[in-house]
Amino acid sequence: MKKFLSCLLGTTIVASAADAKTLVAYFTLTGHTQKAAQIVAEVTGADLYQIELVTPYPSEYKAQTELAKKELQEGTLPAIKPWPENIGEYDVVFVGSPVWWGTMATPVRTFLKSGVLKGKTVIPFVTHGGGGADNSFTDTAALCEGCQVNTDGWSGYENMTFGLKKWAKKSLDAVSK
C-alpha cells in the first residue's frame, strides 16, 4: 500500500531503514573512495555500483589532474558507463567521490546531473587529500535536481575511515524519520 501511495503522490515513503532499498554509488581513482564505499555498503546492507568512465583518465598522475581540472573549469561532464538497469528500485543512494578542487569529481557530477536519482534520497560522502569536503555536499544538492540530499555528509582523509560506520548507519536510520 505504501508503494502504491508513494507512486500516486510522487514521493518516496520509507517506513524504516530496513524497508529502504539502498545503493552505494562511487567513483575512485586511488582506491580510497572505493574502500569507504565498501564500508558503507557493508554497514547498510546496500548494493555497490562503481561509476566508471567510458574513456578512462590517463594513467599518468599529471595528465589525470590536468584533464580533471580542465573538465571542472569548463563544466564538462564526461561520459560514464551505464548505471544499473534496476536503479529505479532504490530509495536511498549514498554517493561517494574524491574531492577535486573543492567539489565532487566530474564523473560523479555526470551521475548526479543525469536525472536518474530524481525522487531519491541522496547521501554524499567524500575522500580527500587534505582539503576537506569544501563545497562537495552543497554542490551535490545543487547538481542533483529533484533529489532529497542530506548535506550532512561524511568526509575522510585519504584511506582513513574514522567514524564512517557510525555515520552511515545514522544517515540511513535518519531517512525513516
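Please identify the trypsin sites (Lys or Arg not before Pro) of the stretch 79-150 that satisfy two criteria: DSSP loop assignment and at most 12 other Cβ atoms within 10 Å. Which are they? For trypsin sites (Lys or Arg not before Pro) across the stretch 79-150 that sit outside H, G, I, E and B with at most 12 neighbouring Cβ atoms in 10 Å, the list reads Lys118.
Each residue of the stretch 62-77 was assigned a 3J(HN,Hα) from its phi angle through the Karplus curve 6.51 cos²θ - 1.76 cosθ + 1.60 (θ = phi - 60°); the sequence is 4, 5, 4, 5, 5, 5, 4, 5, 4, 4, 5, 4, 8, x, 6, 10 Hz, with glycine and proline shown as x.
Restricting the calculation to alpha carbons of the stretch 129-175 gives Rg and Dmax of 11.9, 32 angstrom. Multiplying the residue separation of Lys165 and Glu89 by 0.36 nm and subtracting their alpha-carbon distance yields 25.0 nm. Summarising the amide proton neighbourhood of Ile51: residues at separation of 5 or more, or on other chains, whose placed amide H is nearer than 5 Å comprise Tyr26, Phe27.
Over the chain, the hull volume per residue, using the convex hull of the C-alpha atoms, is 105 Å³.
Estimated purely from DSSP H runs of n ≥ 4, each contributing -39500 (n - 2.57), the mean residue ellipticity at 222 nm for the chain is -10500 deg cm²/dmol once divided by its residues. Near Gly146, once Lys and Arg are set to +1 and Asp and Glu to -1 for all other residues with Cβ below 13 Å from its Cβ, the sum equals +2. For the stretch 32-138, GluC sites (Glu not before Pro) meeting the loop criterion (DSSP other than H, G, I, E, B) and having at most 14 other Cβ atoms within 10 Å: Glu52, Glu60, Glu85.
The GNM of the chain, with springs linking C-alpha atoms under 10 angstrom apart, assigns the highest mean-square fluctuation among Phe125, Phe137, Phe162 to Phe162.
The residue list Val92, Val54, Thr76 was ranked by how far each Cα lies along the charge dipole of the chain toward its positive end, using unit charges on Cβ atoms, and Val92 comes out on top.
We did not get these values from a lab; they are worked out from the coordinates using the rules stated. As the structure is a computational prediction, the values presented were derived from the model and not from experiment. All Cβ positions, glycine included, derive from the backbone under ideal geometry; neighbour counts span all protein chains shown.
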